[in-house]
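Note sheet for the following structure.
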Amino acid sequence: MRPIGVFDSGYGGLTVLKEFVRQMPEYDYLYLGDNARAPYGPRSFETVYRYTLECVQWLLKQDCPLVIVACNTASAKALRSIQQKDLEQMDPVARVLGVIRPTSEIIGQFTKSGHIGILATQGTVHSGSYEIEIKKEFPQLVIEQEACPMWVPLIENNEQHAEGADYFVKKHINQILQRDPEIDTLLLACTHHHENYWS
Ligand code: DGL
């Protein structure tokens, strides 16, 4: 069976892979984490685009008919160009999908106050992709964003349970809640922020 490719800038996308395996165990999967070049969050649009394109290309060469860009930063900065420009030349029948659109389609179901917070990398926040996509589905929502640049390095270095990690988690949650105390829903908009992926 041809495997479904799952790509992330590092370990974070393993949470997405784990969920695929749980919900669709009948498929084979091939995971590519670009640990060598993570983090993607602080990198320029051009760099994230080039790295993501290389990784998607590699997965397509391994015969994946479908590649999931599990990384929010790569989905925000590279996915559209790859879908609209590169895929046609690389493999016109293959599909490449990201994580921002499906999340944006359901996020409005979770808030009662109508105020939501996005916790993500600098790249995802500055791209404005979540705001654009969420507003298409839920134009009435009030959206506040917070970049959390220390979270990914802590997790990539397996320091997420260390004493110092709490400081950075509290700092960003406090900051976003101070800017909008009506927020009742926080989106962990980075694969690295999800549950402990090696548990
Ligand atoms: N895992 C990526 C995401 O979901 C970003 C981590 C990184 O900065 O490389 O946004």
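The table for this structure:
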item: Chymotrypsin sites (Phe, Trp or Tyr not before Pro) within the stretch 102-156: DSSP coil, no more than 16 neighbouring Cβ in 10 Å; result: PHE110
item: Those GluC sites (Glu not before Pro) in the stretch 129-199 that DSSP places in a loop and that have at most 15 other beta carbons within 10 Å; result: GLU159, GLU182, GLU195
item: Low-density loop cleavage sites - trypsin sites (Lys or Arg not before Pro) in the stretch 1-79, where at most 15 other Cβ are within 10 Å (DSSP); result: none
item: Nearby aspartates and glutamates by direct alpha-carbon distance to LYS135 (threshold 14 angstrom, same-chain neighbours under 8 apart not counted); result: GLU105, GLU144
item: MRE, 222 nm, helices only [DSSP H, n ≥ 4, -39500 (n - 2.57), over the chain, to nearest 500]; result: -11500 deg cm²/dmol
item: The chain, accessible area per residue, ligands and nucleic acids excluded (1.4 Å, Å²); result: 51 Å²
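The values are calculated or read from the model by the stated rules, or taken from the named source; none is laboratory data. Note that the structure is a prediction, hence the values are computed from the model and not measured. A quick note on method: Cβ atoms are made from the backbone with ideal geometry, for glycine too, and the neighbour counts reach across all protein chains shown. Heads up: the accessible areas ignore ligands, DNA and RNA and are worked out on the full protein's heavy atoms, side chains in. Shrake-Rupley method; radii C 1.70, N 1.55, O 1.52, S 1.80 Å.
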